[in-house]
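Only one structure is covered here, and it is reproduced in the block below.
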Amino acid sequence: MGIAIAIAAIILLGGLALFVITRRGGDGAGRLSRETRASDKSAAATTVAADAVPGTDVEALETADARARAEETRSSTRGGVPVARDAGTVAEWEPLDPEELSISRRMFFNRAILTLGGVGVLLPFGASLLAFLWPSGAGGFGGKVSASFAAAQKTWIDTKAPFYVPAARTYLQPYPTDAPTLAAASKIYDASIYAGMEKGIVALYQKCVHLGCRVPWCGSAQWFECPCHGSKYNRVGEKRDGPAPRGLDRFEVTITGDNVSINTSTVVLGPVIGTDTTKQAAEGPHCV
């Protein structure tokens, strides 16, 4: 949905830019010069004056004025020096240069600059917007992140601490696979999360569900304890104390051989308050 909106916005901006450029060019091409408007006003005044004087040959005055203006136009194109002519000489009509009737150089450069500038701005903006909204692929947060199951198990045994996966912003923790514990978990957890629990693993999002602080591991208590406001979670992320509204959120995991695939594209909300499938109490002093 977000990508469709971004594409529509880019098309709309491009169309608006082209409309503005075309509109400006059209106005410039159809606008009369200041000299032409002044000359037309002079001709109109002469016509009115001739009409006001009885016996004046209006047609002759208009013809003479037109000849004078034609001569002035030709004079301005000959190096800027007016060409003298005898009074009463009939001016020969000369067709306008086709280039004079077409777009001017200034107008051409204005349109070119505006077009190139618009394209130069819209293309990078559109590309960056699409890159930002495009779903992330494998290999980073927002996609599927791989970890070693053997390395996680070694960490659990050697240090009694979670195995942290930075790319997934996730703690991997062991989950008891005895029948009573799994039976209790099957009644509470989503099927996608329970599938990993059956294989003895759970992936916990590092963010506290209260206000989003990163929750560190307390080795003495063997719990996760948030230093911001004191929320506490047991070894498998079930809420035990503090203002948190639920347990730690988690991700779906898939185990293939030694590879643990953590799907961080979808955050599964943590269990409700009161959930305690492992019955694990604090094993030592609290860190918070």
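The values are calculated or read from the model by the stated rules, or taken from the named source; none is laboratory data. Just so it is clear, the structure is predicted and the values come from calculations on it, not from any experiment. Every residue, glycine among them, receives a Cβ derived from its backbone with ideal geometry; neighbour counts consider all protein chains shown. SASA here: full protein model, heavy atoms, side chains in, ligands and nucleic acids out. Shrake-Rupley method; radii C 1.70, N 1.55, O 1.52, S 1.80 Å.
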Q | In range of the label at H286: residues from region 198-218 whose backbone nitrogen is under 19 Å from the point 7 Å along Cα→Cβ | A | 208-218
Q) Between A112 and A179, how many nm apart are label points set 7 Å from Cα along the C-beta direction? A) 8.5 nm
Q. Amide H neighbours of W223 under 5 Å, counting only residues 5+ apart in sequence or on other chains, H built in-plane at 1.01 Å?
A. C218
**Q.** With every protein chain in place, region 200-281: carbon and sulfur % of accessible area (1.4 Å)
**A.** 52 percent
(Q) Nothing charged except the Cβ atoms of Lys and Arg (+1) and of Asp and Glu (-1): what's the magnitude of the dipole of region 230-288 about its Cα centre? Round to the nearest 20 debye. (A) 200 debye
Q. So, in Å, what gap is there between the alpha-carbon centers of region 216-271 and region 170-194?
A. 12 Å
Q: Please work out the FRET efficiency for the pair Y164 and V119, using the Cβ-Cβ distance as r and a Förster radius of 45 Å; give the result to the nearest 0.05.
A: 0.45
**Q.** Pair S186, A64: separation of 7 Å Cα→Cβ label points (nm)
**A.** 11.5 nm
